[in-house]
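Here is the structure we will look at, set down as structure tokens.
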Amino acid sequence: MTTHLRCSHIVLAVFAAIMPATWAAAEEPGNPGTFALWDEQVPWPALHERQRPEGAVDVLVHRACEEYRFLHDNAVVWHADTLFAAWYNCPRHEMQEASAIRGRRSRDGGRTWSGVEVIADDRAGKGILYVPVAFLSHGGTLYAYVTNMVGADLVVNCEVFALDEAAGRWESRGFIADMFLPNCTPVRMDDGNFIMAGRVADRPRTKPEWPAVAISDGENLARPWTVVRLMDERLPPFPETTVWVDGADVTAMVRAPGGGRAFTSGDYGRTWSGPLPNNLPIEHSKLYAGLLSTGQRYLVWNVPAEPGGRRRNELVIGVGRPGGQRLAAVWQIRHGHSPELGVGPEWSYPYAVEHDGKLYVIYTSQKNHSAMTIIPVESLAIE
């Protein structure tokens with residue numbers, strides 16, 4: 001149960017002076033130029049008013065080791081009766097020397113984990129950095145979509161791997177999109193295609209500074225996808241993107257300074273309107289959106305720290321009412337150091353999947369460790 005609806009105020013950080021006029025933030029939440037992501041009839045709760053979801057359980061998926069000290073950008077998926085988690089690992093520093101996609105499996109709902117397995121690495125010594133990974137379980141096959149880079153954030157293309165369960169190994173199925181970096185699990189749309197949120201570069205071996213989506217050709221998930229930019233201008237790096245899908249209508253939230261930006265599409269992601277500022281306090285970090293089996297939208301993100309607090313030390317989940325488009329309640333997932341897990345106080349880059357009445361939210365701690373919070377979906381119910 002939540003008891004967070006006591007009077008408080010949203011504090012919006014507005015950086016219009018340093019941003020192009022086309023994405024200047026509105027000063028008042030009620031301004032028509034602001035995307036109403038939060039229900040303005042509901043007071044925004046301060047840190048001391050936000051509660052943990054009832055029954056939530058925290059687990060440590062993987063701790064940094066001597067061989068791979070850097071870990072970031074987790075993904076999680078259920079495939080058959082197994083929970084898969086993965087991330088990108090570098091020996092010492094982010095996207096330096098080498099970067100591999102590695103992961104672990106759990107057959108008991110996240111309580112215990114297998115040894116580490118490799119999904120993608122540069123075995124041939126071609127100088128490829130694999131960063132990051134997005135999962136999809138569909139039609140009895142588990143897919144991993146992985147960006148190939150030739151330097152720190154210098155993208156070339158997006159490669160798809162499939163798990164060969166009989167052989168117990170991951171195999172490349174080729175490339176599905178040039179210069180595209182995936183951020184979220186692909187979502188199936190009513191037109192039969194899948195949409196995968198991410199970002200894209202305008203030419204190979206450069207930074208992907210345009211928010212974008214990739215759209216599949218039906219269920220041909222290992223064939224080329226169509227990449228669509230959400231706008232014709234760059235956003236400051238790094239514009240990670242996430243989407244909600246409701247029939248032909250798609251809403252995208254994109255990381256950007258000053259609270260992120262919203263985009264909307266009414267034709268299955270083929271054309272877009274935006275960007276618009278929104279009325280949520282959002283840290284400059286990756287967000288993850290989804291739809292619960294209850295019909296509630298959810299968003300996992302970092303809120304700006306309290307005065308004197310550390311950046312990315314507060315990770316929250318907000319949900320809407322069933323069938324609603326605005327978030328109307330928020331719970332605290334992480335705040336500060338975790339004595340139980342022995343990691344923190346930074347928590348970032350969430351990714352989530354629902355299975356059997358629970359939402360599995362995975363995220364990075366300190367860019368060293370992989371942690372997860374398992375939330376009973378019923379604890380996120382609101383009127």
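Tabulated results
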item: Segments classed as strands (runs of 3 or more DSSP E), wholly inside the stretch 91-149, with at least 1 members that are in contact with an Asp or Glu (Cβ under 7 Å, 6 or more places away or on another chain) and aromatic (Phe, Trp, Tyr); result: 129-138
item: Answer residue from the stretch 159-178, given it is part of a strand (DSSP E or B) and among the aliphatic types (A, V, I, L, M) and is nearest to Val228 (Cα to Cα) among those; result: Ala177
item: Count - residues of the stretch 40-89 that are without any contact (Cβ under 8 Å) to a residue 24 or more places away in the chain, outside any loop (DSSP other than H, G, I, E, B) and more than 18 Å from the chain's Cα centre (by Cα); result: 1
item: Test for Met253: is it under 14 Å from Leu37 (Cα atoms) and either of a type outside the set (Phe, Trp, Tyr) or in a loop (DSSP other than H, G, I, E, B) (or both); result: yes
item: Leu181, sole failed condition from (1) part of a loop (DSSP other than H, G, I, E, B); (2) within 23 Å of Tyr288 (Cβ to Cβ); (3) of a type outside the set (Asp, Glu); result: (1)
item: Pairs where the first residue, in the stretch 191-220, is closer than 15 Å to Val254 by Cα and charged (D, E, K, R) and the second is modelled with pLDDT of 95 or more and not in a loop (DSSP other than H, G, I, E, B), C-beta under 8 Å, 6+ apart; result: Arg199/Phe180; Arg199/Leu181; Arg199/Trp210; Arg199/Pro211; Arg199/Ala212; Arg199/Thr241; Glu209/Arg199
item: Complete set of residues in the stretch 260-274 that are farther than 17 Å from Ala214 by Cβ and surrounded by 24 or more Cβ atoms within 10 Å (Cβ to Cβ); result: Gly260, Arg261
item: Odd one out for Glu314 among (1) over 17 Å from Glu49 (Cα atoms); (2) among the acidic types (Asp, Glu); (3) crowded, with 21+ Cβ neighbours inside 10 Å; result: (1)
item: Members of the stretch 302-319 that are closer than 23 Å to Val76 by Cα and either more than 18 Å from the chain's Cα centre (by Cα) or hydrophobic (A, V, I, L, M, F, W, C) (or both); result: Val303, Leu315, Val316, Ile317, Val319
item: For Val156: the one exception among (1) among the aliphatic types (A, V, I, L, M); (2) within 20 Å of the chain's Cα centre (by Cα); (3) assigned to a strand (DSSP E or B); result: (2)
item: Enumeration of residues in the stretch 334-363 that are crowded, with 24+ Cβ neighbours inside 10 Å and closer than 14 Å to Asn302 by Cα; result: Arg334, Trp347, Tyr349, Pro350, Tyr351, Val361, Ile362, Tyr363
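For (1) touching a Ser or Thr at 6+ places or on another chain (Cβ under 8 Å); (2) modelled with pLDDT of 95 or more; (3) not β-branched (Val, Ile, Thr), each residue gets a yes or a no:
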site: Ala305; (1), (2), (3): no, no, yes
site: Ala328; (1), (2), (3): no, yes, yes
site: His355; (1), (2), (3): no, yes, yes
site: Ile375; (1), (2), (3): no, yes, no
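The values are calculated or read from the model by the stated rules, or taken from the named source; none is laboratory data. Given the structure is predicted, the values throughout are model-derived calculations rather than measurements. Every residue, glycine as well, gets a Cβ built from its backbone with ideal geometry; the counts of neighbours run over all protein chains shown.
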